[in-house]
Amino acid sequence: MTGDVWLPIPPEEIAALPEGFDYLFWNGGEDGTQEYPGDPADCVFYVVPYMTPAEIVLRPMPRMTSVRVVQTLTAGTDHVEPGLKDLPPGARLCNARGVHDASTAELALTLILASLRGVPGAVRAQDRGEWLGGFRPALADRNVLVVGYGSIGAAIEDRLAPFEVARVTRVARSGRTTARGPVHPLTELPALLPDADVVVLSTPLTDATRHLVDAGFLARMKDGALLVNVARGAVVDTEALLAELERGRITAALDVTDPEPLPADHPLWHAPGVLITPHVGGATSAFRPRAERLLVDQLTRFLHQEPLANVVFTTGPA
């Protein structure tokens, strides 16, 4: 098998890439105007640039008439899905399941603990030279609801275990049984929300989960509950969340927002009880080695015509 492979990491920096392909570097460039490294029509394996605006990563796809694999370096694929209609039949879309589990789960725990223990307020008080005491909620003995129980959701539960939470309740698109206990289907979510002290969102963004967290969802959360979003911003209806935050009934910790990036004048920045980080769940030192291992494995499978990992969609006939 031959053909061009477009990589957003310089190929000479990735050890053990299988021989047999022409490896070309393309990450879109800082302003999105980087020239293509070759003819997009010759690309058979397109690795989507990481943390790059959708309009940039989609730009070459209509010309990729020979592409067989589109590989994201993110767990979510919503940013490239609009380009799938332009691909030839049989092209496979693969995500980066497993690459971001540790880092995103770390951040989820960071956001939970920082919010419950009042760390943002303590930092602001430090800036003022002010000593603020008082009692804060603990994570211990709390009920945590994880909405989106894939590999990241499971990794979040792994990290909750040492903190002596009272109970972890798992929710996914469809119900199933795991070694840890049941995973409830989304249809049961309304009945589960009132008992949760912390609600963690780690679900993919799909038609079914867009604005899943709407006014009705938020109204079912108990008074004083914390909403944590490490999924996608559009899983939450921002206007509905702002209304609840302004009432002071719940708090929120958000690594993702809608819109994103969040404009400087957006009211969410200054809403009471909210902690915001700039979509850094997967952006850690753990990313690069895990991403490179995934690429080497996927390209080796592709070269030997073996089943690929993490296939989430295959294009059909034109």
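Laid out as a table, the results:
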read-out: Cα principal axis extents for region 101-276, largest first, Å; value: 51, 34, 29
read-out: Candidates per GluC sites (Glu not before Pro) in region 66-173, loop by DSSP, up to 14 other Cβ within 10 Å; value: Glu130, Glu164
read-out: Fewest-first sequence of Asp223, Asp22 by Cβ atoms within 10 Å of each Cβ; value: Asp223, Asp22
read-out: Structure-derived P(r) over Cα pairs in 10 Å bins from 0, in percent: which label, when the choices are [x] 6, 28, 35, 23, 7, 0; [y] 6, 26, 37, 26, 5, 0; [z] 5, 25, 30, 22, 13, 4, 0; value: [z]
read-out: Helix-only CD estimate at 222 nm, as mean residue ellipticity for the chain, using -39500 (n - 2.57) per DSSP H run (n ≥ 4); value: -7000 deg cm²/dmol
read-out: Percent antiparallel among DSSP beta bridges (both partners in the chain, rounded to 5); value: 15 percent
read-out: Per-residue Cβ neighbour rank within 10 angstrom, fewest leading, Trp269, Trp26, Trp6; value: Trp269, Trp26, Trp6
read-out: Most to least packed among 201-213, 172-184 [average Cβ atoms within 10 Å]; value: 201-213, 172-184
read-out: Calculated FRET efficiency for the pair Asp86/Ala16, C-beta based, R₀ 25 Å, to 0.05; value: 0.20
read-out: Proxy reagent accessibility, fewest Cβ within 10 Å first, across Val44, Val256, Val123; value: Val123, Val44, Val256
read-out: Nearest 10 degrees, 0 to 90: helix 287-303 Cα axis against the chain principal axis; value: 40 degrees
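Rule-based calculations on the coordinates, nothing more; no lab input. In this text, all values refer to a predicted model and were calculated from it rather than measured experimentally. Cβ coordinates were reconstructed from backbone atoms using ideal geometry, including for glycine residues, and neighbour counts include every protein chain displayed.
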